[in-house]
Amino acid sequence: MTSDPQRFEILVVPEHIEGDDHASLAGAAIRSAIVAATGDHGESGYPRYVGQGVEADIDPATRTVEALLIDGAELDYGLSARVVEPKSL
């Protein structure tokens, strides 16, 4: 049994946005997705999370996105992905 979180919310925001509080990030987000653990590990070696057109390898300890596809494509320059706990389940 794993103790890794089973769900995260990924917020795609302009790269210049600072901070990590949910309200500020959500207000600046151009896309969000709730992703759930698949039980697999991605090529990065980190757990794979999938949902709402987003596939991500996330380091659950640091909440860092190690690999990301949105609708099958890589993230555009000038954007960053932030991981937060889902606001509601």
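In table form, for the structure just shown:
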read-out: Proximal charge balance of Leu25 [Cβ under 14 Å; K/R count +1, D/E count -1]; value: -2
read-out: Simple spin-label estimate for Asp40 and Glu74 in nanometres, 7 Å along Cα-Cβ; value: 2.1
read-out: In the stretch 15-89, the GluC sites (Glu not before Pro) that fall in loop regions by DSSP, at most 15 other Cβ within 10 Å; value: Glu15, Glu18, Glu43, Glu74
read-out: Cα-based Kirkwood hydrodynamic radius, the stretch 7-84, one decimal, Å; value: 12.4
read-out: Charge sum, other residues only, whose C-beta stays under 14 Å from Asp71's C-beta, Lys/Arg counted +1 and Asp/Glu -1; value: -2
read-out: Environment charge of Thr38, counting only residues whose C-beta is closer than 15 Å and scoring Lys/Arg +1, Asp/Glu -1; value: -4
read-out: MRE, 222 nm, helices only [DSSP H, n ≥ 4, -39500 (n - 2.57), over the chain, to nearest 500]; value: -2000 deg cm²/dmol
read-out: Mean separation of Cα contacts under 8 Å (6+ apart) over length of the stretch 7-84, as relative contact order %; value: 32
read-out: Cβ-placed point charges (K, R +1; D, E -1), dipole of the chain about Cα centre in debye, nearest 20; value: 320
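All of the numbers you see were taken from the coordinates with simple rules; none came from a lab. Everything quoted here is computed from the prediction, not taken from an experiment. Cβ atoms come from the backbone with ideal geometry, glycine included; neighbour counts cover every protein chain shown.
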